[in-house]
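What follows is a short report on a single structure.
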Amino acid sequence: MPPLAEIVETKELLQTVVFASVAGVGVTTIFSIAIWGAARFVDLSQEDRRVHAVAAAGVAAVALLAVAAAIVIGVIVMTSK
């Protein structure tokens, strides 16, 4: 006799765990790159290395934009289901 109901959707649960883990590690890594870029910007600015400081600020800005995009995508995914 087949079961009347499936209590745990194993496939969906596994997908949720994998995607959440990848997203958590990925967003944390990107945010740490933003912090690194900001710190390098301050250090290089104090050393009067303007071109390198601007490049570090650019890295920080791009990383912060990527984190913001990940947050927006996460909100969209969560509200669409």
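The values are calculated or read from the model by the stated rules, or taken from the named source; none is laboratory data. Keep in mind that this is a model prediction, so the values were computed, not measured. Positions of Cβ are generated from backbone atoms using ideal geometry, with glycine treated the same way; all protein chains shown enter the neighbour counts.
A few notes on this one:
- Scanning the range 55-81 for residues that are surrounded by 13 or more Cβ atoms within 10 Å (Cβ to Cβ) and farther than 30 Å from residue 16 by Cβ turns up 55, 56, 57, 59, 60, 61.
- Pick from the range 30-54, criterion surrounded by 11 or more Cβ atoms within 10 Å (Cβ to Cβ) and among the β-branched types (Val, Ile, Thr), ranking: nearest to residue 73 (Cα to Cα): 30
- Cβ-Cβ under 6 Å pairs, at least 6 apart or on other chains, the range 46-71 side touching a residue at least 12 places away in the same chain (Cβ under 8 Å), far side of a type in the set (Gly, Ala, Ser) and surrounded by 15 or more Cβ atoms within 10 Å (Cβ to Cβ): 53/45; 56/37; 59/37; 60/34; 60/37; 60/38; 63/34; 64/34
- Residue match in the range 14-29 (condition: at pLDDT 95 or above, of a type in the set (A, V, I, L, M, F, W, C) and surrounded by 11 or more Cβ atoms within 10 Å (Cβ to Cβ)): yes
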